[in-house]
Amino acid sequence: MHCKPLHLMVAADHPLAGQESVSMEVLGGHIVPRLNGPLPAYWESAVLPTRTPAGRPVRRGLAVSTFYEILALVAAGDAVCTVPDEGQRYNAQPDVVFLPLYDAPPVQWALIWPTDRAPLVRALAEAATDSGDPTGR
């Protein structure tokens, strides 16, 4: 299981950009992208909830299909978006700021697949398991 904190992505010139961290409640006052595609409901609710912890609705804006579309919307100031820590690590750019969400539960990731997958996928999973943690932990 992989566990990482959640951040709020905002444009560099957004009013929140100067904050050290923000609450999930700020989502109630902003627009977030509408995610296209076959996303499991549990994934979307964990990463981009429809309500704040206090129950305020989180408004959805333009529909997007890729993370790069989300980055473009956020950089233009048309939306804010919650992203796991990997969003910042792999997609940092000067026109976007990543703010820690101090009251968001961490996002948990794990490799999963349906039980009817091909033997090669199962062999890859077994090889990964057999190799252990390369850091020795």
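Tabulated values for the structure
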quantity	calculated
Number of the exception - P49 against (1) touching a residue at least 40 places away in the same chain (Cβ under 8 Å); (2) surrounded by 13 or more Cβ atoms within 10 Å (Cβ to Cβ)	(1)
When residues of region 75-104 are limited to those that are among the small types (G, A, S) and in contact (Cβ under 8 Å) with a residue 40 or more places away in the chain, the one most open to solvent (accessible area, probe 1.4 Å)	A76
Given (1) without any contact (Cβ under 8 Å) to a residue 24 or more places away in the chain; (2) over 17 Å from H7 (Cβ atoms), number of the condition G18 does not satisfy	(2)
Helices (runs of 4 or more DSSP H) fully within region 1-112 counting 2 or more residues that are within 30 Å of E126 (Cβ to Cβ) and among the aliphatic types (A, V, I, L, M)	41-47
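The values are calculated or read from the model by the stated rules, or taken from the named source; none is laboratory data. Quick caveat, the model's predicted, so the values are computed rather than measured. For neighbour counting, all protein chains shown are included, and Cβ atoms are generated from backbone atoms with ideal geometry for every residue, glycine included. The protein model used for the area step is the full one, side chains on, heavy atoms only, and it has no ligands, DNA or RNA in it. Shrake-Rupley method; radii C 1.70, N 1.55, O 1.52, S 1.80 Å.
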